[in-house]
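The values are calculated or read from the model by the stated rules, or taken from the named source; none is laboratory data. The shown structure was predicted, so the numbers you read here are calculated from the model rather than taken from an experiment. No Cβ is skipped: glycine too gets one built from the backbone with ideal geometry, and neighbour counts run over all protein chains shown.
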Amino acid sequence: MGNLLPVSFYEGLAYGLVALGVYITFRVLAFPDLTVDGSFPLGGAVAAVLIISGVNPWLATVVALIAGMCAGLVTSLLNTALRINALLAGILMMVALYSINLMIMGRSNIPLLREVTVFDQAAQLFGMETSITFSIIFMVVLIIIILAILNWFLRTDIGLALRATGDNEQMVRGLGGNTNLTTIMGVSISNGLVALAGAIIAQNQGFSDVGMGIGMIVLGLASVIIGEGIFRPRNITSILLAVVGGAFAYRLFLGIALRLGLPPTNLKLMTAVLVVVVLAIPYIRKKLRHEWIPPPARM
């Protein structure tokens, strides 16, 4: 149990990028985007192929982020330009990305253990060894930068338009706003963050695999729901912090379950149970207070 906390902390920070991406689509835009399961391995695939080809790992990571944004762009265009249902558009793109990732990689798995990664170069720059401690420091700095940018962006006029689109799209259109543009922007940013997470995690774990994105949408949603349930955020800054905190709590919970002897094959079941419990708590509280409870949402 000794290294459970630092490992969970690193994983919470790394997968926190996925959670932030999912938060933008599901909570800010109210856009049920399932592209995440494909854009996560897309980031890892692009970064891995470029790194083994001799490209600087920092540049490879940036290109992976751009590739993820392009995937989100296609998903949002399917919805806004072709009027395909948002959920179906995400599913179509997720399925297409599986084959695209295989084409990019040329095989199902690319090892990076002998390659120089962003972690190696950053550790060398500061005269440190690549270890779990340095990985945590690296991710803390990266998360702080990403959170600062998102916190600033979501308070700008464009960011407020993005948030308003998710709250009341018809009102934004009535005021002359271009909701198609804000949707495209939000979904692209979301998948860019997810692909960035895929590139970072692939470099840290030493390989990129075509199946590494399975369940990412569940992880992201669980992190968002757990973060909101535990921390009760009130403003945009606290919400962003709560989402990352939710990712940490989620990975810590799974780590404890594994250490207690839970078979890895049951992790998805534990995730479902955890999310159900967190979602049920507000309902139970209202029941105990005899408050009015609205009918369940269907979409």
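Tabulated results
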| quantity | calculated |
| --- | --- |
| Close pairs (7 angstrom Cβ cut-off, 6 or more residues apart or separate chains): without any contact (Cβ under 8 Å) to a residue 60 or more places away in the chain in segment 53-82, hydrophobic (A, V, I, L, M, F, W, C) and not in a helix (DSSP H, G or I) anywhere | Leu78/Ile84 |
| Restricting segment 117-170 to residues that are small (Gly, Ala, Ser), more than 22 Å from Leu196 (Cα to Cα) and touching a helix residue (DSSP H, G or I) at 6+ places or on another chain (Cβ under 8 Å), the residue that is surrounded by the most Cβ atoms within 10 Å (Cβ to Cβ) | Gly166 |
| Residue, surrounded by the most Cβ atoms within 10 Å (Cβ to Cβ), within segment 97-116, restricted to residues that are in a helix (DSSP H, G or I) and in contact (Cβ under 8 Å) with a residue 12 or more places away in the chain | Leu97 |
| Any hit, segment 261-268, residues being in a helix (DSSP H, G or I), within 22 Å of the chain's Cα centre (by Cα), buried (at least 16 other Cβ atoms within 10 Å of the Cβ) and touching a residue at least 24 places away in the same chain (Cβ under 8 Å) | no |
| Every residue from segment 226-256 that is crowded, with 18+ Cβ neighbours inside 10 Å and farther than 19 Å from Tyr23 by Cβ | Leu254, Gly255 |
| Residue identified as part of a strand (DSSP E or B), touching a helix residue (DSSP H, G or I) at 6+ places or on another chain (Cβ under 8 Å) and surrounded by 18 or more Cβ atoms within 10 Å (Cβ to Cβ) among Ser208, Ser223, Ser188 | Ser208 |
| Within segment 135-179, considering residues that are assigned to a helix (DSSP H, G or I) and more than 22 Å from the chain's Cα centre (by Cα), the one nearest to Ala30 (Cα to Cα) | Glu169 |
| Leu87, sole failed condition from (1) assigned to a helix (DSSP H, G or I); (2) modelled with pLDDT under 95; (3) within 19 Å of Ala197 (Cα to Cα) | (3) |
| Residue ID - modelled with the highest pLDDT, chosen from residues in segment 6-58 that are within 23 Å of Leu125 (Cβ to Cβ) and either among the aromatic types (Phe, Trp, Tyr) or in contact with a His (Cβ under 9 Å, 6 or more places away or on another chain) (or both) | Trp58 |
